[in-house]
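Student: The structure is given below, and queries will be raised subsequently.
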Amino acid sequence: MKKIIALLLAVLLVAGLAACGGGTTPTPTPAPPAGGATPPAETPAPPDQVFHLRASTNLAAVGTVGQALQYFVDLVNERSGGRIVATANFGAEHGSQAEQVEMTRIGALDMVVASPGSGLGPLVPELASFELPFSYDDNDHFRRVLLGMEEEVSARVEPFGFVAMAGQSQGARHLLTQRPVRELGDLQGLVMRGPNATYVAMFEHLGAAGTTTDWNEVYTALQTGVIDGAEASPDMLNSMSFQDQAQYLTITGHIIANVFYFFNEAWWNALPADLQELIREAARDAAIFQGEIDDIAQVSSLEAMIADGVEVIELQDIEAWRAAVAPMEGEFRARGAHFDSFIDAIRAIR
């Protein structure tokens, strides 16, 4: 057992070091007058004006992203001295991720914590490129990419009414299956669940059948045999007790998923400059906090799964897996210059 834990810790370090508030939403900055006239100077908000920040995520409050969101809200409330009243909602309190993204776009929420690919992908499809398989050396590399891509992501979602910041890793993802997957050929014929089309394409390249079963239905789908396995980080898998229905964990580190904080642009633009800076600093502090607790959670969750009887499998043919999915990058780039430039920006960060 000590040998297995040591091996898993080493793998994780490389592959995994991965209530709605009331009040009035601030009035957006008015558009410049017609005819090219110079707009009037912006009037600073009075120091006693109170802004309300209504934040939401489809993820649970107990997960590391949820804990970081609460940490962010608490920081904003404390540091603003009452000038911002921030609240957070978790899970399905405001509907699905897609519904929460739309609520933020129209101003019914002020901020959503969402996956760029799954949450904003219908608007900005190239954001799915973050999840091209085997793209990052380790979690430290991935977090450098998220920080370095913050302005790029924000610029691409701005036409749709969002401001983005505070990218966070959700840990390297592995395969949990009902029968052992010890080499690439063992995936043949298996039905594997993934969260979006990128994962489905990955499984097809690997020889399995991919499906996008809703996350909250995975346990039952495993139990009834609708799917043969799922993939996620150890913390995510353990939080749903999926090991009750599948006892083999193959360490692949194939993808590291992520989330960003997406703010309603009109709400953001209505904030005075000092409060914008306060929000940015709190968001970055929350991202650092999430990274620290996520690294710990991935290790402890893996140990808990082993204690529950899960067999951990180390692949000997990982290069065959990498080769099988390598064509995906070219397929993404072929979708247009917007994909090409976004992938180039990711690849430039080491």
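The values are calculated or read from the model by the stated rules, or taken from the named source; none is laboratory data. Here the structure is a predicted model, which means the values were calculated and not measured. Every residue, glycine among them, receives a Cβ derived from its backbone with ideal geometry; neighbour counts consider all protein chains shown. SASA here: full protein model, heavy atoms, side chains in, ligands and nucleic acids out. Shrake-Rupley method; radii C 1.70, N 1.55, O 1.52, S 1.80 Å.
Student: So Asn196 passes all but one of these: (1) in contact with a His (Cβ under 7 Å, 6 or more places away or on another chain); (2) modelled with pLDDT under 95. Which condition number does it fail?
Tutor: Only one criterion is unmet by Asn196, namely (1).
Student: Looking at this structure, is Ala324 in a helix (DSSP H, G or I), open to solvent by 20 Å² or more (accessible area, probe 1.4 Å) and either farther than 15 Å from Ser239 by Cβ or of a type in the set (Ser, Thr, Tyr) (or both)? Spell out how you get there, then give the answer.
Tutor: Working: in a helix (DSSP H, G or I): yes; open to solvent by 20 Å² or more (accessible area, probe 1.4 Å): yes; either farther than 15 Å from Ser239 by Cβ or of a type in the set (Ser, Thr, Tyr) (or both): yes.
Yes; evaluated as a whole, the condition is true for this residue.
Student: Hey, another quick one. Considering only residues of segment 270-287 that are out of contact with any helix residue (DSSP H, G or I) (no Cβ under 9 Å at 6 or more places or on another chain) and open to solvent by 50 Å² or more (accessible area, probe 1.4 Å), which is farthest from Glu78 (Cα to Cα)?
Tutor: Ala273
Student: Can you report the number of residues in segment 301-321 which are surrounded by 12 or more Cβ atoms within 10 Å (Cβ to Cβ) and either among the hydrophobic types (A, V, I, L, M, F, W, C) or in a helix (DSSP H, G or I) (or both)?
Tutor: Going through segment 301-321 one residue at a time, the tally reaches 13.
Student: Val85: open to solvent by 40 Å² or more (accessible area, probe 1.4 Å), assigned to a strand (DSSP E or B) and touching a strand residue (DSSP E or B) at 6+ places or on another chain (Cβ under 7 Å), yes or no?
Tutor: Yes: the conditions hold for Val85.
Student: Out of the residues in segment 66-79 meeting the condition of being in contact with a strand residue (DSSP E or B) (Cβ under 8 Å, 6 or more places away or on another chain) and of a type in the set (S, T, N, Q), tell me which one is least open to solvent (accessible area, probe 1.4 Å).
Tutor: Of everything passing the filter in segment 66-79, Asn77 is least open to solvent (accessible area, probe 1.4 Å).
Student: Would you be able to say whether some residue in segment 42-55 is hydrophobic (A, V, I, L, M, F, W, C), more than 18 Å from Asp285 (Cα to Cα), at pLDDT 95 or above and not in a loop (DSSP other than H, G, I, E, B)?
Tutor: Yes: one or more hits.
Student: Is it true that Glu93 is of a type outside the set (S, T, N, Q), more than 17 Å from the chain's Cα centre (by Cα) and either at pLDDT below 95 or surrounded by fewer than 17 Cβ atoms within 10 Å (Cβ to Cβ) (or both)?
Tutor: Considered against the rule, which asks whether it is of a type outside the set (S, T, N, Q), more than 17 Å from the chain's Cα centre (by Cα) and either at pLDDT below 95 or surrounded by fewer than 17 Cβ atoms within 10 Å (Cβ to Cβ) (or both), Glu93 comes out as yes.
Student: What residue, of Val157, Val191, is within 30 Å of Asp317 (Cβ to Cβ) and out of contact with any Lys or Arg (no Cβ under 6 Å at 6 or more places or on another chain)? I'd like the intermediate steps shown before the answer.
Tutor: Working: Val157 fails: within 30 Å of Asp317 (Cβ to Cβ).
Exactly one residue qualifies, and that residue is Val191.
Student: Going by the structure shown, is Ile349 touching a strand residue (DSSP E or B) at 6+ places or on another chain (Cβ under 7 Å) and not charged (D, E, K, R)?
Tutor: no
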